[in-house]
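The values are calculated or read from the model by the stated rules, or taken from the named source; none is laboratory data. Bear in mind that the values here come from a model prediction, so they are computed numbers and not experimental data. Please note: Cβ atoms are built from the backbone with ideal geometry, for glycine as well, and neighbour counts cover all protein chains shown. Note: accessible area is taken over every heavy atom of the protein model, side chains too, but ligands, DNA and RNA are not part of it. Shrake-Rupley method; radii C 1.70, N 1.55, O 1.52, S 1.80 Å.
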Amino acid sequence: VDDTPVGIVSFVEWDKNADIIHTGVYIAVKEKRSIKLTADLQMSLYDFAFETLKVNKVAFEILGNNPMVIKFNERLGAKREGILRQAIKKGNEYYDLYLLSVLKEEWPYVKEKTKYDKIVFPLCVDEV
């Protein structure tokens, strides 16, 4: 934000055989978190994955103790694929992990219905 790093947008795993990329978005600086920034990041990530990398599916996971983030991503066009029950342990507590995704065939509709300011991500060329 304003040329200051505030978090991470990552392609965690890319299965080139299945054309699926697993992603992650984390805004570490709480003061910079906003619905607009989160939407811009997520939509720009989809844009890059579908338009540049030409993947068929963008997949990601959200902790079940964060229902607002799950609903927010569904409003951005993601679909729930499933739940890994008690898949994460933090301290002495277990949390469900929700699996969400957007497909290449859904992307044109998602892109059309959601207004966002495209963010261009710095990229290590060797990774593409």
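Structure above, values below:
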read-out	value
The stretch 109-123 residues that are modelled with pLDDT under 90, paired with ones that are β-branched (Val, Ile, Thr) (beta carbon under 7 Å, 6 or more apart)	Phe121/Val9
So Val55, is it in contact (Cβ under 8 Å) with a residue 12 or more places away in the chain and within 11 Å of the chain's Cα centre (by Cα)	no
Residues located in the stretch 67-82, provided they are on the phi < 0 side of the Ramachandran plot and in contact (Cβ under 8 Å) with a residue 24 or more places away in the chain	Ile70, Phe72, Asn73, Glu74, Leu76, Ala78, Lys79
Residue count for the stretch 63-76, restricted to those that are under 14 Å from the mean Cα position of the chain (by Cα) and either surrounded by fewer than 19 Cβ atoms within 10 Å (Cβ to Cβ) or at pLDDT 95 or above (or both)	8
Test: residue in the stretch 65-72 that is farther than 21 Å from Ile8 by Cβ and either out of contact with any helix residue (DSSP H, G or I) (no Cβ under 6 Å at 6 or more places or on another chain) or part of a strand (DSSP E or B) (or both)	yes
Single residue of the stretch 28-39 satisfying the filter (in contact with a Ser or Thr (Cβ under 9 Å, 6 or more places away or on another chain) and surrounded by fewer than 18 Cβ atoms within 10 Å (Cβ to Cβ)) that is nearest to Pro108 (Cα to Cα)	Lys32
Flag for Leu100 being under 18 Å from Val12 (Cβ atoms), open to solvent by less than 30 Å² (accessible area, probe 1.4 Å) and within 15 Å of the chain's Cα centre (by Cα)	yes
Checking Lys111 against (1) assigned to a helix (DSSP H, G or I); (2) open to solvent by less than 60 Å² (accessible area, probe 1.4 Å); (3) more than 17 Å from His22 (Cβ to Cβ), the condition it does not meet	(2)
Near pairs, Cβ below 8 angstrom, 6+ apart or cross-chain, from the stretch 10-39 (within 15 Å of Phe50 (Cβ to Cβ) and among the small types (Gly, Ala, Ser)) to any residue that is at pLDDT below 80 and assigned to a helix (DSSP H, G or I)	none
Residue match in the stretch 78-93 (condition: at pLDDT 95 or above and in contact with a Lys or Arg (Cβ under 9 Å, 6 or more places away or on another chain))	no
Residue count for the stretch 42-62, restricted to those that are open to solvent by 20 Å² or more (accessible area, probe 1.4 Å) and not in a loop (DSSP other than H, G, I, E, B)	5
